[in-house]
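I have placed the structure first, in the form of structure tokens, so that the comments after it can refer back to it.
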Number of protein chains: 2
Amino acid sequence: MQLYSYFRSSAAYRVRIALNLKGLSYEYLGVHLLKNGGEQLSDSYRELNPAALVPTLVDGDVALGQSMAIIEYLDETHPDPALLPADPVGRARVRAIAQTIACDTHPLNNLRVLKYLKRELKIDDAAKDAWYRHWVDLGLGAVESLLANSPATGKFCHGDTPGLADLCLVPQVYNARRLECDLSAMPNVVRIDAACRELQAFDLAAPDKQPDSE
Amino acid sequence: MQLYSYFRSSAAYRVRIALNLKGLSYEYLGVHLLKNGGEQLSDSYRELNPAALVPTLVDGDVALGQSMAIIEYLDETHPDPALLPADPVGRARVRAIAQTIACDTHPLNNLRVLKYLKRELKIDDAAKDAWYRHWVDLGLGAVESLLANSPATGKFCHGDTPGLADLCLVPQVYNARRLECDLSAMPNVVRIDAACRELQAFDLAAPDKQPDSE
């Protein structure tokens, strides 16, 4: 398999963790989002991924976009270890935590959105950082409530094995720390992030461990 | 089952279509996002859904948030008719189309984001509408490419039966039309939206058919 990735992309980071947890080796192909006018916008990359976003996973003759779809694909084609629980209610809970990050938080703070705020709406850096922190506060705050209010929360987001929710949580916390967001009201988020990062699968997927990191 | 919904919510609209396609009856509970300071922000609603977003599906003693997690839950607990194909590559394709809308398009244009742009960033209505159309152009444009470039596209997004991708597409096209977005370069999107809306399951889920519509 080949993974088109950018070291700092939160969505690519999720997929790197999933591949590592499943023990799948892959070729790392860097797509630099800032250099060369944005390598993800090139015609050749768009042929693989019309949305012009990272990551793209190539498995044989199939090219797949969208990190959450890729992770579910990996879970279906390489079921051990499972990234989702077996019961439908548990699966819905894990997907809901993951989507609170992947749908409600991260899309508001990714690079193309921040660029639009700056270039088109002419907002200054302070307003841009406040925007970033606002959506992190809301999104990770909702995740904290989902974790704090449920007996299903364990060492990780759902029980004592890492899964889909954890591999969304860790990259989002990484982003939150980069922007110096206040996580003091989110003890479960902070605790689970730390537990995950002790695992080699998460550690080796970290942005600063990637071949294209700066 | 009970569905906490707002007639115009794109995420709730998706779940209404899914419930209808599966022939599941449910009690409709309106949560008005604009009245009473935003009913989704009330303490009682937050107890059900800490993210303070619609929809929430209540099935027995379980309350589930996040439209995409809810739809996968319905597909697992009521598998007929299936909303995802059987093969992993097909499932990944359908999920990727759905997430191009649910992660990359809709979150940028929902009510709380538009409010932030207006109240905090003080942008005028013209700039707000341009923002809206920009993300629709990119998001539905990517969907159009995914549809146009694949032999798996049929009468609907994937083959000739409606599924997860279609029930994200129709609410997003509804929103696009409300904001007068130009869809002329998206013939597959327009064609599939029309085919879907001929089906009763989609028609009965439309915003103007809901008990809380104005």
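The values are calculated or read from the model by the stated rules, or taken from the named source; none is laboratory data. Quantities reported herein were computed from a predicted structural model and do not represent experimental measurements. Cβ: placed from backbone, ideal geometry, glycine included. Neighbour counts: every protein chain shown.
Which condition breaks for A:Lys118 when tested against (1) under 20 Å from the mean Cα position of the chain (by Cα); (2) at negative phi?
(1)
Being within 14 Å of chain A (Cβ to nearest Cβ) and of a type in the set (A, V, I, L, M) is the filter here; which residues of the range B:1-11 pass it?
Correct list: B:Met1, B:Ala11.
Pull out all pairs, ordered by first then second residue, where Cβ-Cβ is under 6 Å, the residues are six or more apart or on different chains, the first lies in the range A:167-189 and is not assigned by the TED database to the domain that holds A:Ile101 and in a helix (DSSP H, G or I), and the second is small (Gly, Ala, Ser) and surrounded by fewer than 12 Cβ atoms within 10 Å (Cβ to Cβ).
The qualifying pairs do not exist here.
Go through the residues of the range A:143-151 one by one and say whether even a single one is touching a residue at least 24 places away in the same chain (Cβ under 8 Å), within 25 Å of A:Ala52 (Cβ to Cβ), within 12 Å of chain B (Cβ to nearest Cβ) and not acidic (Asp, Glu).
no
Tally up the residues in the range B:97-113 that are more than 9 Å from chain A (Cβ to nearest Cβ) and surrounded by 23 or more Cβ atoms within 10 Å (Cβ to Cβ), please.
Final tally of qualifying residues: 1.
What are the residue pairs meeting all of these: first residue in the range A:1-27, first residue within 17 Å of A:Val62 (Cβ to Cβ), second residue modelled with pLDDT under 95 and part of a helix (DSSP H, G or I), Cβ atoms under 9 Å, and 6 or more apart or on different chains?
Here the result reads A:Tyr4/A:Gln40; A:Tyr4/A:Tyr45; A:Tyr4/A:Leu48, each pair linking the range A:1-27 to a residue that is modelled with pLDDT under 95 and part of a helix (DSSP H, G or I).
If the requirement is being touching a residue at least 40 places away in the same chain (Cβ under 8 Å) and either within 8 Å of chain A (Cβ to nearest Cβ) or not charged (D, E, K, R) (or both), which of these qualifies: B:Tyr132, B:Tyr116?
Of B:Tyr132, B:Tyr116, the one residue that is touching a residue at least 40 places away in the same chain (Cβ under 8 Å) and either within 8 Å of chain A (Cβ to nearest Cβ) or not charged (D, E, K, R) (or both) is B:Tyr132.
Among the residues of the range B:151-166, write down those that are part of a loop (DSSP other than H, G, I, E, B) and either modelled with pLDDT under 95 or in contact with a Phe, Trp or Tyr (Cβ under 6 Å, 6 or more places away or on another chain) (or both).
Scanning the range B:151-166 gives a single hit, B:Pro162.
Say whether the condition of being surrounded by fewer than 21 Cβ atoms within 10 Å (Cβ to Cβ), of a type in the set (Ser, Thr, Tyr) and at pLDDT 95 or above is met by at least one residue in the range B:195-214.
no
Quick one: count up the residues across the range B:36-87 that are in a helix (DSSP H, G or I), in contact with a Lys or Arg (Cβ under 9 Å, 6 or more places away or on another chain) and more than 10 Å from every other protein chain (Cβ to nearest Cβ).
So the answer is 1.
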